[in-house]
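To start, the structure under review is shown below, and the notes come after it.
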Amino acid sequence: MPRIEGQRIYRAPGRVNLIGEHTDYNGGFVMPAAIDLYTQVTITPRDDRKLLIHSESFSDDVEFDFDDPHPIASGHWSDYVCGVAVTLERAGFSLKGAALEIRSTVPIGAGLSSSAALEVAAGYALLDNSAIQIDRTELAKLCQRAENEFVGMRCGIMDQFIACFGQAGHALMLDCRSLDYRLLPLPPGVRLVICNTMIRHELAASEYNNRRSECEAGVRNFAKFVPSVSSLRNVTLNDLEGYGRDLPEVIYKRCRHVVTENARVVEAAAALEQSDLQAFGDLMAASHRSLRDDYEVSCAELDTMVDLATQVEGVYGARMTGGGFGGCTINLVKADRVAEFTKDVARGYEQATGVVPEIYVCSTADGVADL
Ligand code: ADP
Ligand code: MG
């Protein structure tokens, strides 16, 4: 299709977290990969300071004025785009008006971060449309701020960071404390297969807040013995054994998950650097057990999905991914075994639960780019 004068197209990927769960808000390590499901923004310049935003996913149009003195979120999907525009303006970037056409292949609300894909694609498009250059770390932080402050979602930086920095053929290990990162090679013969339980238990939000408080209680305990401890990131396995004895059992288990999970991410990075997918898969399995037994954020449906996957040949590793209490599992599967995997797991899950799962077969992808 011929483009209109000045029209440009940008896209940002969804993501899946391979290992490192519930570590982000403890200043720890995560290891997401960008996936080849994208949110695309087609932008056409305007001469005024208005945004006309259309989302194909919602068949809906919204108008926004940069000069609105009191922009507020309305609980509408467009908050994610307007929030980015407002946050960029508040950070001192003067944006030009534009029409934005949004279309996406990232499933919405499935835990694959359609929200960050939208924020980052829209933010990048708005800046480029205004001839403004910005580094990707800054863009990721501003998009996170938009989601935290404008939309009102208390999310970490992982989603926006991987939407900016993902690279095809790689996973990314991110230090959530320093934002240092390392790209790690994923061999070409492996697929990221994501199985959606289609379940979202009510508990998710309240238990998320409980876990955060439990981790804070753990930090207060360890800081009594080791004053330099300000987050569970600073707690070692030795500290856990030495100073965790008097903790209530539940707090001890929460801390043990976070401390061992951080160690697993470090080991998983080394495994990828040695192309040792077997070792990587074993770490995924250990992560799942820890999330199930120590952090207690799994559920019957996630456990069933992981058990079914583990029985299929050609699976290196399987575990729940995301906050838990439903959502998705991530499975590292040999490319030539994907068809059987999908068939067996879908059938087994439907038999066990009566629910038809969605399964997304993905490859790794690049971060935000213009097309
Ligand atoms: P996730 O990021 O896991 O997909 P979230 O609840 O964080 O789920 O974000 C989903 C929300 O992001 C949607 O309800 C909608 O408001 C917004 N969104 C995501 N993708 C689109 C899209 N293509 N068009 C419009 N809004 C979108
Ligand atoms: Mg999201």
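The values are calculated or read from the model by the stated rules, or taken from the named source; none is laboratory data. What you are looking at is a predicted structure, and each value in this text was computed from that prediction instead of being measured. Ideal geometry is used to build each Cβ from the backbone, glycine not excepted, and the neighbour counts take in all protein chains shown. With ligands, DNA and RNA removed, areas are computed over all heavy atoms of the protein, side chains included. Shrake-Rupley method; radii C 1.70, N 1.55, O 1.52, S 1.80 Å.
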(request) Work out which GluC sites (Glu not before Pro) in the chain are exposed loop sites (DSSP not H, G, I, E or B, at most 13 other Cβ within 10 Å) and give the longest gap free of them. (result) 57-201
(request) Could you tell me how many degrees, from 0 to 90 and to the nearest 10, lie between the Cα long axis of helix 114-129 and the main elongation axis, the longest principal axis, of the Cα atoms of the chain? (result) 40
(message) Sort 79, 61 by heavy-atom solvent-accessible area, probe 1.4 angstrom, most to least.
(response) 61, 79
(request) Compute the acute angle (0 to 90°) between the alpha-carbon long axis of helix 338-353 and the principal axis of greatest extent of the alpha-carbon atoms of the chain; round to the nearest 10°. (result) 70
(request) Can you work out the accessible area per residue across the chain, with the rest of the protein chains kept in place, probe 1.4 Å, in square angstrom? (result) 43
(request) Would you grab the residues whose amide H sits under 5 Å from the one on residue 299? Only those 5+ places off in sequence or on another chain, please, with H modelled 1.01 Å from N. (result) 325, 326
(request) Sum up the charges of everything whose Cβ sits under 11 Å from the Cβ of residue 190, counting Lys and Arg as +1 and Asp and Glu as -1, but leave residue 190 out. (result) +2
(message) If you filter region 21-130 for chymotrypsin sites (Phe, Trp or Tyr not before Pro), then keep DSSP loop positions with at most 14 other Cβ within 10 Å, what is left?
(response) 58
(message) Give me, ordered by chain and number, the residues 5 or more places off residue 199 or on other chains with an amide H under 5 Å from its own placed amide H.
(response) 327
(request) Let me have the 222 nm mean residue ellipticity of the chain computed from DSSP H runs of 4+ only, each contributing -39500 (n - 2.57), with the sum over all residues rounded to the nearest 500. (result) -12500 deg cm²/dmol
(message) I'd like the carbon and sulfur percentage of the solvent accessible area for the chain, probe radius 1.4 Å, heavy atoms only, ligands and nucleic acids excluded.
(response) 48
(request) Excluding residue 290 itself, calculate the net charge of residues whose Cβ lies under 14 Å from the Cβ of residue 290, where each Lys or Arg counts +1 and each Asp or Glu counts -1. (result) 0
(request) Report the local net charge at residue 360: Lys and Arg +1, Asp and Glu -1, summed over other residues whose C-beta lies under 11 Å from its C-beta. (result) -1
(request) Would you kindly state the longest site-free stretch of the chain, with sites defined as trypsin sites (Lys or Arg not before Pro) in a DSSP loop (not H, G, I, E, B) surrounded by at most 14 other Cβ atoms within 10 Å? (result) 4-153
(message) On C-alpha positions alone, give me the angle between the axis of helix 300-310 and the longest principal axis of the chain, in degrees, nearest 10.
(response) 80
(request) Find how many whole Å separate the alpha carbon centroid of region 97-125 from the alpha carbon centroid of region 332-368. (result) 24
